[in-house]
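Below is one structure, written out as structure tokens; comments come after it.
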Amino acid sequence: MGPIKETFKTIIFAGVVAVIFRTFLYEPFHIPSGSMEPTLREGDYLFVSKFVYGFSSFSLPFGLPIISGRIFFTPPKIGDVIVFKLPLDNKTDYIKRIVGLPGDTVSVKEGILHINGLPVHRATEEGNESTFKGTLYVETLPNGVSHQILERSDEEHLDETQEFTVPEDHYFALGDNRDNSNDSRRIVGFIPSKNLVGKAEIIFYSHNGKARFWEAWKWPIAIRYNRLFLSLIHISEPTRPRLISYAVFCLK
């Protein structure tokens, strides 16, 4: 029984380490839709930092209500790509980009994002990729963070909104695919800090969906090699992508 016992202990130990790693360090997530294009694409797999904003009950497996509020909290910044639990059900994982902090006013007018009454700078991106249905822009937020967004036009339903005032201890977030995203303009609303799961940091794997799981012979041509181990900190700089040397849940 010795070898069996040792094997059992090894499996238990590995399981405990995996739970600790996913709970307190990094957790993998899968992108199943295009709401964050062009920054994130359907078929991307991410590592999300769990410790960067501290911890809440939603950091724990199954959302165990052990933690009241949030501990070791470091507030997110404008421009951060966050994973959070949808406030409507506190269960569904969503991923969006923060554009409004507590006390900020946020609105969209004729497709242009406005923060605290001022329009956010937006410039047409050169070399618009044909894979996207719309126009690529580079948006520069008030703190200097630049990132790409995708617009079908500036006359869509969500291109004209009321002015939202972000409550205390809440955040306002948008999808980078502005005309194809359920975000704080609708469905999501304001995001409580306790609902934050973590910050999206690294794309560790990506595929184009043209190979099913059992079609192993197609895997090599389905992998997007230029997106492997890509840091989201620099993904908004398409001419200078930064590869980093280190190395599931679905998000809306």
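The values are calculated or read from the model by the stated rules, or taken from the named source; none is laboratory data. What you are looking at is a predicted structure, and each value in this text was computed from that prediction instead of being measured. Neighbour counts are summed over all protein chains in view; Cβ atoms, including those assigned to glycine, are modelled from backbone coordinates with ideal geometry.
In region 115-157, counting only strands (runs of 3 or more DSSP E) that sit wholly within it, the ones holding 3 or more residues that are under 21 Å from the mean Cα position of the chain (by Cα) span 135-140, 146-151.
Restricting region 164-198 to residues that are closer than 17 Å to ILE112 by Cβ and more than 16 Å from the chain's Cα centre (by Cα), the residue that is surrounded by the most Cβ atoms within 10 Å (Cβ to Cβ) is ARG185. Identify, from the list THR161, THR140, THR135, THR92, the residue that is surrounded by fewer than 17 Cβ atoms within 10 Å (Cβ to Cβ) and within 13 Å of LEU174 (Cα to Cα). The match here is THR161. Criterion first (surrounded by 20 or more Cβ atoms within 10 Å (Cβ to Cβ), touching a helix residue (DSSP H, G or I) at 6+ places or on another chain (Cβ under 7 Å) and modelled with pLDDT of 75 or more) does ASP80 satisfy it? Here the answer is no, as ASP80 does not meet what is asked. For region 50-88, enumerate the residues that are part of a loop (DSSP other than H, G, I, E, B), of a type in the set (A, V, I, L, M) and more than 17 Å from VAL145 (Cβ to Cβ). Of everything in region 50-88, those that are part of a loop (DSSP other than H, G, I, E, B), of a type in the set (A, V, I, L, M) and more than 17 Å from VAL145 (Cβ to Cβ) turn out to be LEU60, LEU64, ILE66, ILE67, LEU86, LEU88. Within the set of pairs 6+ apart or on separate chains, which have a first residue in region 195-223 that is among the charged types (D, E, K, R), a second that is surrounded by fewer than 18 Cβ atoms within 10 Å (Cβ to Cβ) and part of a strand (DSSP E or B), and C-beta atoms under 6 Å apart? Every condition considered, the pairs that remain are LYS199/SER49; GLU201/SER49.
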